[in-house]
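**Student:** What follows is a structure written as structure tokens; I'll ask about it next.
What follows is calculated from the coordinates using simple rules that are stated; it is not laboratory data. Quick caveat, the model's predicted, so the values are computed rather than measured. As a convention, Cβ positions derive from the backbone with ideal geometry for all residues, glycine included, and neighbour counts pool all protein chains shown.
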Amino acid sequence: MGTWAVDAFGNDFAQDWAEDLHETTNMDAIENTLETALADAGAELEAPLAAEALAAIEVLARLQGKGGERTEDSASVDEWVDARKAAAEAKAKAKGPVKARADLLVKAQQALARIVSEQSELRQLWEESEHYAEWRATVDDLAARLA
């Protein structure tokens, strides 16, 4: 995996996932990504799936107005989020407030727990690096923003 930053978008898997996100206009990609990360709970969570799940969870946080820093790496996702927020605001004007999907927030919290567990290949890879503490702090910050 090409990785250049500890945040959710600083790797090839997240960047590829973000490109695919632009092919959707709803929450399906986020939901599918979280469900994939939660499948086979007894097995090891592979690093690519964990990296994609972190990107999806960051998108959920951004949709709630609790996003992390906007960077060049997050630009593609930020564009998608801004478009979804504009559509939700227009819908709210026409039909009333749009509610957050509580089911996705629960899945995101479960996925975060799995990503930092002993059964996570991504966690293991970061533990082997000198940047584990920074990565873990970034993940913990994301969890706090999602709560």
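**Student:** Between R136 and E44, what is the label-to-label distance in nm when each label sits 7 Å out along the Cα-to-Cβ direction?
**Tutor:** 2.0 nm
**Student:** Using helices alone, what [θ] at 222 nm do you get for the chain, with -39,500 (n - 2.57) per DSSP H run of 4 or more residues, divided over all residues and rounded to the nearest 500?
**Tutor:** One gets -20500 deg cm²/dmol as the mean residue ellipticity at 222 nm.
**Student:** Highest first, please rank the peptides 80-90, 136-146 by the mean number of other Cβ atoms sitting within 10 Å of their residues.
**Tutor:** On the way: 80-90: 14.4, 136-146: 16.0.
Result, highest mean first: 136-146, 80-90.
**Student:** Tell me the angle of helix 47-63 to the major Cα principal axis of the chain, expressed in degrees between 0 and 90 and rounded to the nearest ten.
**Tutor:** The helix 47-63 is inclined about 30 degrees to the chain.
**Student:** Still on this structure, please answer the following. Set the Förster radius R0 to 22 Å, insert the Cβ-Cβ distance between R70 and K93 as r into 1/(1 + (r/R0)^6), and round the FRET efficiency to 0.05.
**Tutor:** On the way: r = 25 Å, r/R0 = 1.16.
Taking R0 as 22 Å, the efficiency between R70 and K93 is 0.30.
**Student:** Placing +1 at every Lys and Arg Cβ and -1 at every Asp and Glu Cβ, with all other atoms neutral, what dipole size does region 12-146 have around its Cα centre, in debye to the nearest 20? Kindly include the intermediate steps, with their values, before the conclusion.
**Tutor:** Numbers: 15 positive and 29 negative charges, 259 e Å.
For this selection, approximately 1240 debye.
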